[in-house]
Amino acid sequence: MYSPIQKYLDEVHAGLFRIHGGSTESPNRVLASKDPNLVGLALTTSDGFTYTVGDADERFSMQSISKVFSYAIALQDNGFTFMDSKIDVEPSGSSYNDLSSESGSGRPKNALINIGAIAATAHIIPDSGESVFDKILRVYSACAGRQLDVDEDVYASDSAGSAHNRALTWFLSSWGIIEGDPIPAHDDYTRQCAVSVSARDLSVMAATLANLGVNPQTGERVFETKIVQRVLSVMLTCGMYDDSGDWVSSVGMPAKSGVGGGIISVQPGQLGMASFSPPLDEHGSSVRGLAAHRWMSRDLELHFVRTS
Ligand code: GLN
């Protein structure tokens, strides 16, 4: 049977080809070489059904979408009081790689910009016998419901061009937000950005958040509910970088974009959505992806302020 959800996704996908603009220019040679015409959408309900259309199985790197999941891990490992003393929960109002920190203490504005994400990753506590990155990959994989891996080419290219993120990392070190050698945190952060996923995977990861921390397909509890509540709140106000205010007012859903071309959005208790389309706008978010999530929010009435 042709389900109404599948029919709707197919229509959104077809409509996206009317949207043009954005650029795939990137200092990362892997991102710069992506076919700009790829478009994939996936939606997973919080009871575990996945619907996909287009290039939903094409692999790309998570980039900034990883920040959401590493923040959740760091919160789960250290608790709110400790993490809040290291990273604030305020929108930065500026670009994702700015030095957006509290003057004096250096506390990053939030965990979804580079400086805050590097700080979050620095505080992940590995279980015995595993490295910090092993833990990151294990937890991301639990959210996706399959074993994920790293795109080594993306990692190598990002790593070679990461002077700016290294500088942010050294600022964190100078303020005592990262203690000891800060470079492993930088490397783990760069590696988590290179985790390779599809829109299908991301929709399951988003649905794990929608289902308040339990992967709806495997039944595994990955995050405690209170952690998910916090993470979704920060996604709502800070997930779209310096475009966050417009996003909250017009779309009204927790979301996160990444320069790999992916965007996730979450409707708590209902569904997780993911899009993939490489051309990015000036904020670093996928142009067609933004349109897809905007349309879905409007048509499925997903804005957190209900008007009907
Ligand atoms: N790896 C990128 C960086 O650290 C991720 C940025 C993004 O997706 N916005 O700058």
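If you take the residues in region 161-177 that are within 16 Å of the ligand (Cβ to nearest atom) and assigned to a loop (DSSP other than H, G, I, E, B), which one is surrounded by the most Cβ atoms within 10 Å (Cβ to Cβ)? Spell out the reasoning first.
Taking region 161-177 and keeping what is within 16 Å of the ligand (Cβ to nearest atom), we get 161-172.
From the residues that got through so far, the ones that are assigned to a loop (DSSP other than H, G, I, E, B) too are 161-162.
Details: Gly161: 14, Ser162: 19.
Only one residue fits best here, namely Ser162.
Val30 - would you say it is in contact (Cβ under 8 Å) with a residue 60 or more places away in the chain, surrounded by fewer than 20 Cβ atoms within 10 Å (Cβ to Cβ) and within 16 Å of the ligand (Cβ to nearest atom)? So Val30 passes the test.
This table checks each residue for (1) of a type in the set (Phe, Trp, Tyr); (2) touching a Leu at 6+ places or on another chain (Cβ under 6 Å); (3) over 24 Å from Ala210 (Cα atoms).
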{"site": "His13", "(1), (2), (3)": "no, yes, no"}
{"site": "Asp35", "(1), (2), (3)": "no, no, yes"}
{"site": "Asp57", "(1), (2), (3)": "no, no, no"}
{"site": "Asp84", "(1), (2), (3)": "no, no, no"}
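In the set Gly262, Gly289, Gly252, only one residue is touching a residue at least 40 places away in the same chain (Cβ under 8 Å) and either out of contact with any His (no Cβ under 8 Å at 6 or more places or on another chain) or aromatic (Phe, Trp, Tyr) (or both); that residue is Gly262. Of all the numbered requirements in (1) surrounded by 24 or more Cβ atoms within 10 Å (Cβ to Cβ); (2) in contact with a Gly (Cβ under 7 Å, 6 or more places away or on another chain); (3) of a type outside the set (Lys, Arg), Glu224 misses one, and that requirement is (1).
Please determine whether any residue of region 160-176 is basic (Lys, Arg) and touching a residue at least 40 places away in the same chain (Cβ under 8 Å). Looking through region 160-176, none of the residues is basic (Lys, Arg) and touching a residue at least 40 places away in the same chain (Cβ under 8 Å). Remark: Val287 matches the filter, which requires a residue to be surrounded by fewer than 24 Cβ atoms within 10 Å (Cβ to Cβ) and among the β-branched types (Val, Ile, Thr).
For region 125-149, filtered to residues that are crowded, with 19+ Cβ neighbours inside 10 Å and under 13 Å from Asp187 (Cα atoms), the residue that is farthest from the ligand (Cβ to nearest atom) is Val132.
The numbers here are math on the coordinates, done by the rules we state, and not lab data. Every value quoted in this text rests on a predicted model; they were computed, and no experiment measured them. Cβ: placed from backbone, ideal geometry, glycine included. Neighbour counts: every protein chain shown.
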